[in-house]
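Below: the structure, in structure tokens.
Quick note: the coordinates plus some simple rules give every number you see, no bench work behind them. Not measured: the values here are computed from a predicted model. Please note: Cβ atoms are built from the backbone with ideal geometry, for glycine as well, and neighbour counts cover all protein chains shown.
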Amino acid sequence: MGKNSKVNIWVLITGLVIGIAALALTALGNPKNMGFCIACFERDIAGALGLHQAAVVQYVRPEIIGLVLGSFIMSLATKEFKAKAGSSPAVRFILGASVMIGALVFLGCPLRMVIRMGGGDLNAFVGLAGFAIGILIGIFFLKKGFSLKRNYSVTLTEGFVMPVSAVVLLALVIAVPGIFLFSEKGPGSMHAPLFVSLAIAMVVGALAQKSRICMVGGMRDVVMFKDFNLLSGFVVVFVTILIGNVILGNFSGFSTYLQPIAHASQLWNLLGMVIVGWGSVLLGGCPLRQLILAGEGNGDSAVTVFGMVVGAALAHNLKLAGSAASLAEDGTYNAGGIADTGKVAVAIIFVVLLAVSILNIPRLDKKSK
């Protein structure tokens, strides 16, 4: 009981710090309802690297770098840094890209979904329903024996790939920022000061590594083991964001109308997050968890993160991502949504997830061999 209580305390502390961090980063310049968003920030980095040409979402987000380095430092301090890899890397790359596209159809990762909920965005509650459905589908296949097989101990070189990549990216941003593309307007132009963002994210990364917080893992554990430990952290994030927005005067009630960087096309909010939930269960963790695992030496999670960055580039280059609701000068309301190419992509990804889920279930005909 004492051990479980200690774990619960770390999860709760992590949730509280994430909530406060998201509020602080928003107050310091990050877009509204986007103090922390793994999908959005990896998309911005992809844009800064020139992997996509959407000029309004290009910026090297120090939060991503900080999460990786915070996890790396904490795992070294606690002697939990372990270089591991070899668990279906190619499949994980595809799943990472698929999860990212689903998140950008919705316009946010699971963490931003909770932040949006705390900001009064009812569209995010629709996303939550889809996320839960996706997790239930993933759990169904887990119970059937789905597995991407185990990983193995590898050389430290493999384990250092993501932390070193983060350091190199940070060094380049500081030393030669002109080599990157930076948005002059739109969400990419809205950001908190670099070193403040980096420091805050490093604290969050360290705590996330310590607590193992993961929304997908939390909902999975509730369904499979009646364990509310990990999920409690995201309940704290929601409550912290909600209370913080009320105190700061940023909360005007719950609504689907003109929420910051969100659309009101509910079917696609739902389906986008079904993909995120399902794909993340197959991967063994949400986008935040993948970054943390990559920071502590997991090469498979590093491959997944790289897949997410490529998925973000594809989402914008091929016009798969959602477009936010807007209000024209004449007062005409546009609910936003996704283009036909995005709808086709969602259908294809469902087929991909189903194929990966079925083909990685152990055969039942072993006795016939």
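Excluding same-chain neighbours fewer than eight residues apart, the aspartates and glutamates reachable from K210 by a Cα-Cα span under 14 Å are E80, E296.
Here is the tail figure for the range 79-121: Cα pairs spaced more than 12 Å apart come to 71 percent of all pairs.
Remark on the chain: hydrodynamic radius 20.4 angstrom, per the Kirkwood mean of 1/r across alpha carbon pairs. The peptide list 63-70, 153-160, put in order of mean Cβ contacts within 10 Å with the highest first, becomes 63-70, 153-160. Amide H to amide H distances under 5 Å link K84 with V154, N298, G299, where only residues 5 or more positions off or on other chains count and H is placed in the peptide plane. Pairwise Cα separations in the range 303-347 fall into 10 Å bins from 0 onward with the following percentages, short to long: 26, 38, 26, 9, 2. Report the far tail of the P(r) of the range 61-193, meaning the percent of Cα-Cα pairs longer than 25 Å. Percentage above 25 Å: 49. Dividing the mean sequence gap of close Cα pairs (under 8 Å, 6+ apart) by how many residues the chain holds gives a relative contact order of 34 percent. Relative to the Cα centre, the charge distribution of the chain, modelled as +1 at Lys and Arg Cβ and -1 at Asp and Glu Cβ, gives a dipole magnitude of about 1460 debye.
For the chain, hydrophobic long helices are taken as DSSP H runs at least 24 Å long by C-alpha position along their axis with mean Kyte-Doolittle hydropathy of 1.0 or more; these are 2-27, 89-106, 122-143, 194-211, 229-248, 266-283, 299-317, 340-359. The ellipsoid that matches the Cα gyration tensor of the range 283-369 has semi-axes, each √(5λ) in whole angstrom, of 36, 21, 10, with the longest given first. Within the chain, C109, C214, C286 have no other Cys Cβ under 4.7 Å of their Cβ and so lack a disulfide-compatible partner by this rule.
Dipole of the chain computed with +1 at Lys/Arg Cβ and -1 at Asp/Glu Cβ about the Cα centre; of N229, A171, G47, farthest Cα towards the positive end is N229. Among P287, P89, P193, determine the one that fluctuates most according to a GNM of the chain built with springs between C-alpha atoms less than 10 Å apart. Answer for the Gaussian network model of the chain: P193.
Between the range 210-262 and the range 107-181, the C-alpha centres lie 16 angstrom from each other. GNM remark for the chain: springs join alpha carbons under 10 Å apart, and the peak mean-square fluctuation among K226, K343, K82 falls on K226. Summing Cβ point charges (Lys, Arg +1; Asp, Glu -1) relative to the Cα centre of the range 89-233 gives a dipole of roughly 480 debye.
Considering the range 205-294, its Cα convex hull presents a mean projected area of 7.4 nm². Convert 20 °C to kelvin, take the viscosity as 1.002 mPa s, use the Kirkwood radius over C-alpha pairs of the range 117-173 as Rh, and evaluate the Stokes-Einstein diffusion coefficient in µm²/s, rounded to a whole number. Answer, rounded: 137 µm²/s.
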